[in-house]
Each structure stands twice: as structure tokens, then as C-alpha cells.
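Below is one structure, written out as C-alpha cells; the observations come after it.
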Amino acid sequence: MKNILNLKLTEINELLKEKKIKPIDLVNEFEEKALSSSLNAFITLNIEAAKKRAIELEGKEVDNLFFGIPIVLKDNISTKNLKTTCASKMLEDYIPIFDANVVEKMEQKNMIIVGKTNMDEFAMGGTGETSYFGATKNPIDETLVPGGSSSGSAVAVAAGIVPFALGSDTGGSVRQPAAFCGVVGLKPTYGRVSRFGLIAFGSSLDQIGPITRDVTENAHLFEVINGFSKDDYTSADVEKFEAKDLKLNKKLKVAVPKFCVGENINDEVLSVFLPTLEKIKKMGHQVDYVEIPFLKYSIPLYQVIALAEASSNLARFDGLKYGYSPNQYDNFDDFVTKSRSVGFGAEVKRRMMVGTYVLSSENVDIYYKKALQVRQELTNELNSVYKNYDIILSPATPTAAFPLGEKRKPNEAFFDDLLTIPFNMSGHPSLSMPIGKCGIKPIGMQVSSNYFEEKKIYSFAIELEKELGV
Amino acid sequence: MNIDKKTVLHVSKLCRIDIENDLDKYYKEFEAIMDSVNEIIDVEVTEELMVVPNQQKNRYFSTSDLRISSEEFFCDSKRGFKVFKRCSK
């Protein structure tokens, strides 16, 4: 049987239950596809261990939907005894001694981790180009960027190499590549998925999220990875999400921020997004345009808060206990400086320097404290909208995928996350789903809701997906 | 606020990153980002500080919470967590 991995999850599960296929068949198919791919989606393939695990599973009962299903993880999610590089020379040979909480959860379901995916270095970038291991390519057209920073995860799913992947999202790093590659990506409510074992970038913003081919499968994978964790002190102790009853029982009140269809948004995107809004109206939902003035500060907010947190989080990489170690050095200070100067790429260095500057004693009130205040104002505005509306819709990205290697100013790199950053700032859940194409380029819509209302997002997105036939 | 090359060089030294050979490049990039960052300086706000956006209310989040000694974090996950917890307010 060929192309089993292209079947729906429920179909693969049935075949496993009926013993028409074995988990090893799925791993073999993944291996064949991954090795023949030219997209540079993977940093490490875990084939040998995956095959061993698949054979162990043959004697076990298929007791859940994800039994024996292969999955790939962004390479900043810690995997015991499996390299976790953050796509950086700094961690080129780093092998964690513990599993991330999400990995433990997937192993409890007997999923099989088959590889670690390429990404922007330390999740800093929106194109998949800042990786020490080279740029990832978009399977739609290899001359286009796949988006980032979870570039390899989105590409592996979009190319049909594997049906499931995890990414991490600090400013849009799951949703933006999902939009550029035409797949579905969720940034959960902050605190709903444990960050334990996720190598930190911006600790108050980071969330691990699922990337899948369709909305329903995304909900099923989210069910696996969500839940309280005592090892993450920002983990939310709330009722666990379950992927059942994902049907709308009423028509929704939908808010569309005027900012998100304004001058910053490319015509390619609007040419798909605006007709989709009309379809949503025809489906019976009420669509209103709303003002959210603080949205316009999203990028400077991100540049202060995310980079400040990054400068603090990445201070631990000094080449002593782990990380790149230089062979020749004059003294301790020289050792650390050489480790960090050679170990980190240009984008990471740039961001750490800005973060350190805004945290310096003379600037901390001017920039960092002010940014925290502006962040709260933005959060308040979004909360006000959710008092009157069920969901907020916007395009997922201001542009469609653009050519690899396009010369851009450093500041423009942040622009790709213009519409996704606000929900990292506020902590609200947010999903990117494909709604159509402009030419060959996929266009994504972002669906956001109040805290812990992922069920509402999924229910709406499933209905819309069906209506659009994408 | 204006940034000069001396400041950028000073910040790079704080970060233990050697940029002396590429100072002009980094200076231009730094300046471009700070032009954008400066947009928030004059924003009128009524709020005090951001509360962590989940259900653990009544605690404020700042990067001082995140300062963990480098030797701890990846070497021993349990110890790393304790350090993390001890730093939280």
C-alpha cells in the first residue's frame, strides 16, 4: 500500500486497527519521502530509533487515534537522547537529557517521533532563512520562502512527508508558515500547553502549537499536547481541551479589525480574504468592522518585549556547559565572547543586542516598562472586543509568500508577523487556516477567540473549511 | 532617542559578542530597529504593568524573573525548574 500517510488520520487508524498496515510501514514511508525531498525541512532524522519503536508497538493494542502515527518536532523542543539544535551552530551537537512535556504526552499515546525540523535560528526570523543548516524551501514553489520560524514543520506537513508536526509560536511562528504553506497552525492560549523543555525565546510569549493538514486533525493533536504541567510555572490549571462536539450551535458575532484590512495589507491577501468574509456573512454570521487602535504598536511592542526576554534567555549560552566552545582563547571573558560570536548567527546577535539595550538600567523604564504598559492596553482592547464578539478574524499575514533571498531591511523582517503578534502579546488563542490561493500562493485567515475558547475557534474553522472546500 | 556607534559597541560587549569588524553593518541595523521601537515612547497609557496572561493572576512578569544562572538550566531540568521558581515573585 502506497501513500498511506496521505490518508486521513481516522483512515490510517482504521488500517492499523484492522492490521492491514503496521506502524513500521508508516515510518518506512516517511523515510522514503524525507530522504527524497529537496526542501531542507529536517535537521535530524530519527529513523533508527523510530523503526525500533514501531516494531515494539506491533505487539500492542491500537488504543487511540494517534497510535503509531509519525510526527516531527521543531528543533527547539527538547528530545531526550536526540539532538536539539535550535538550528544554531551554538547547539549543533547538543543532546538533551530530558524530554519536553509535549514529548512525554505524545509518547503516552505511542506516537513515533521521526525527525526534528529546520527552523529559523533560535526561532528568530519569519522566512526560514536564518537557520545555520540552510534555508527551508516552500513546497508550493521552491523559489518562495515557507515562512518561519517553524519553517520545516510547516513544509513537512504541506509537502505530505508527514501528517503531523509541532512548532512554536512567539510572534506568529506557527501561524505564519502555516499560512505561507497552505496548512493549519494553532497558537494555543498562553499557558495551555506546557513550555517545559521548549528552549526559550520570549518566555511570556512562547507557546507550542500543532501544524496539520486540516482543522479537525489539528484539534485532535491539540487534545494530545494540552494540559496542566507542574513543571511550567505559567501552565494554566484549567479543564483539558477535548476534540469532541466541534460543531457550532449558534451563528457567531465576528469582529474584523479595520487595521487588519488597511493600507499595510497586500492586495494579494485582500483579494482572497475579503470575498471569504462575504461567504462568512452568507453562512449567517454577523460580521462587523471594529477599531482596535493599539494594534498599530504590535511590532515595536514585539521588538522590545520579545527581544528583551531573548537577551535574557540566551545569556545562558556561553560555551561552558553546553554550546559551541572555541579551541583557543586568552581568558574566561575571551572564551565566552568567542563562543557567542562564532556560535550565534547575525539575526540572533542583532536581536540580543537590541534586547540588552532596552533592558539597560538607563533605558528600562523608557522602553521595557513602557512596552509592558502598552501590552496591557492592547490586551484590554482585545478583551473589550471579546465582550461583544465571539471571534476576531483577520488575514494571517500581510503578504503572501515572497521569493527566497529577497533583500530586506532588518526592520522589515518583523513586518511578516504584524497580524499575529497581538495575540502573543495578549495570550489569546489563534489559528491560521488556508482560505484559498492567489495564483499558486496560499492565503491564510487568522481566527482568534477569548482565552481557553479553542473549541469555538475549531468549530467555526471546521464549518468554514467545509464551506470553502479547501 | 539617538543611538551612536559607541553605544552599539558597548552593548555588544555587554552581550559578549564581538562585532568590531562589522560595526557599521550592525550599527545601521540597530538604528533601523530602534527607529521602530521609539514609536512606543510617547504612547499614552493608563495601565501599570502587564499581568501574565493566564489564570495565575496577581503577579507581574519581568525579565528579572527569567535570569537563571547559565550553569543550571539544561544540565539538570529539576534543578533548573527550582531556580526558575525561586526567581518568580
Completion exercise
Averaged over residues of A:61-72, the number of beta carbons from other chains lying within 10 Å of each residue's Cβ is 0
Problem - Loop GluC sites (Glu not before Pro), region A:355-409, which have at most 13 other Cβ atoms in a 10 Å radius of their Cβ (DSSP) - result: A:Glu362, A:Glu406
Practice task
Mind grabbing the accessible area of A:Phe259 for me, 1.4 Å probe, Å², rounded to tens?
Solution key: 50 Å²
Handout entry: 5 angstrom amide H check on A:Met445, placed H, neighbours 5+ away
Key = A:Ala396, A:Met433, A:Ile435
Exercise for the section: Go through region A:387-392 residue by residue and turn each phi into a ³J(HN,Hα) via Karplus (6.51, -1.76, 1.60, θ = phi - 60°); whole Hz please, and just put x for glycine and proline. Expected result: 5, 10, 10, 7, 9, 10
Practice task
Using θ = phi - 60° and the Karplus relation 6.51 cos²θ - 1.76 cosθ + 1.60, list the HN-Hα couplings for region A:324-331 in order, rounded to whole Hz, with x at every Gly or Pro.
Solution key: 4, 10, x, 7, 10, 7, 8, 7
Exercise for the section: Over region A:303-456, with every protein chain in place, what whole percent of the accessible area is carbon and sulfur at 1.4 Å, could you tell me? Expected result: 50 percent
Fill in the blank from the handout: Bounding extents of region A:4-225 in its principal axis frame from Cα atoms, largest first in Å, are 44, 35, 32
Problem - Portion, in percent, of the accessible area of region A:4-225 that falls on carbon or sulfur, probe 1.4 Å - result: 47 percent
Completion exercise
Cα extents of region A:1-107 along the principal axes, largest first, in whole Å, come to 46, 31, 21
Practice task
Please express the shape of the protein assembly as shown as an equivalent ellipsoid: the semi-axes are the square roots of 5 times the eigenvalues of the C-alpha gyration tensor, given largest first in whole angstrom.
Solution key: 34, 29, 22
Exercise for the section: Report the net charge of residues surrounding A:Phe415, where surrounding means a beta-carbon distance below 11 angstrom and charges are Lys +1, Arg +1, Asp -1, Glu -1. Expected result: -1
Handout entry: Value of relative contact order over chain A, rounded to a whole percent, pairs C-alpha under 8 Å and six or more apart
Key = 17 percent
Problem - Where only alpha carbons of region A:75-177 are counted, the Rg and the Dmax (Å) - result: 13.1, 39
Handout entry: Accessible area buried at the B-A interface, both sides summed, 1.4 Å probe (Å², nearest 100)
Key = 5900 Å²
Fill in the blank from the handout: From the cross-link list A:Lys74/A:Lys105; A:Lys407/B:Lys28; A:Lys33/A:Lys466; A:Lys89/B:Lys28; A:Lys17/A:Lys51, the entries with a Cα-Cα span beyond 21 Å are A:Lys33/A:Lys466; A:Lys89/B:Lys28
Practice task
Counting residues in region A:303-414 as N, plug N into 2.2 N^0.38 Å and put the Cα Rg over that result.
Solution key: 1.46
Exercise for the section: Take the Cβ-Cβ distance between B:Val45 and A:Glu18 as r, set R0 to 56 Å, and report the resulting FRET efficiency rounded to the nearest 0.05. Expected result: 0.40
Practice task
Report, in cubic angstrom per residue, the convex hull volume of the C-alpha atoms of region A:144-281.
Solution key: 147 Å³
Practice task
Quick one: Debye curve from the alpha-carbon atoms of region A:378-444 only, equal weights, vacuum; give me log10 I(q)/I(0) at q = 0.15, 0.25, 0.28 Å⁻¹ to two decimals.
Solution key: -0.62, -1.16, -1.28
Exercise for the section: Provide, as a two-decimal number, the C-alpha radius of gyration of region A:76-131 over 2.2 N^0.38 Å, N being how many residues it has. Expected result: 1.19
Handout entry: Sequence of A:Thr216, B:Thr46, A:Thr356, A:Thr143 when ordered by accessible area, the most exposed leading, probe 1.4 angstrom
Key = B:Thr46, A:Thr143, A:Thr216, A:Thr356
Completion exercise
Scalar couplings 3J(HN,Hα) for region A:197-206 by Karplus 6.51 cos²θ - 1.76 cosθ + 1.60 (θ = phi - 60°), nearest whole Hz, x for Gly and Pro, are x, 8, 5, 6, 10, x, 4, 8, 10, 4
Completion exercise
Computed from the beta carbon distance with a Förster radius of 60 Å, FRET efficiency for B:Leu23 and A:Lys253 to the nearest 0.05 stands at 0.65
Problem - Nonlocal amide H pairs with A:Val287, under 5 Å, H built at 1.01 Å - result: A:Val254
Practice task
Compute the projected area of the convex hull of the Cα atoms of region A:225-281, averaged over all viewing directions, and report it in nm² to one decimal place.
Solution key: 7.2 nm²
Exercise for the section: Just need log10 I(q)/I(0) for region A:257-350 at q = 0.17 Å⁻¹, Debye formula, equal scatterers on the alpha-carbon atoms, no solvent, rounded to two decimals. Expected result: -0.83
Practice task
Over the alpha-carbon set of region A:150-206, work out the extent along each principal axis and list the three values in angstrom, largest first.
Solution key: 31, 19, 17
Practice task
Skip the ligands, DNA and RNA, and give the accessible area per residue of the protein assembly as shown with a 1.4 Å probe, whole Å².
Solution key: 38 Å²
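The values are calculated or read from the model by the stated rules, or taken from the named source; none is laboratory data. On a predicted model such as this, the values are computed, not experimentally measured, just so you know. Using ideal geometry, Cβ is built from the backbone for each residue, glycine included, and neighbour counts are taken over all protein chains shown. These area figures cover heavy atoms from the full protein model, side chains too; ligands, DNA and RNA do not enter into them. Shrake-Rupley method; radii C 1.70, N 1.55, O 1.52, S 1.80 Å.
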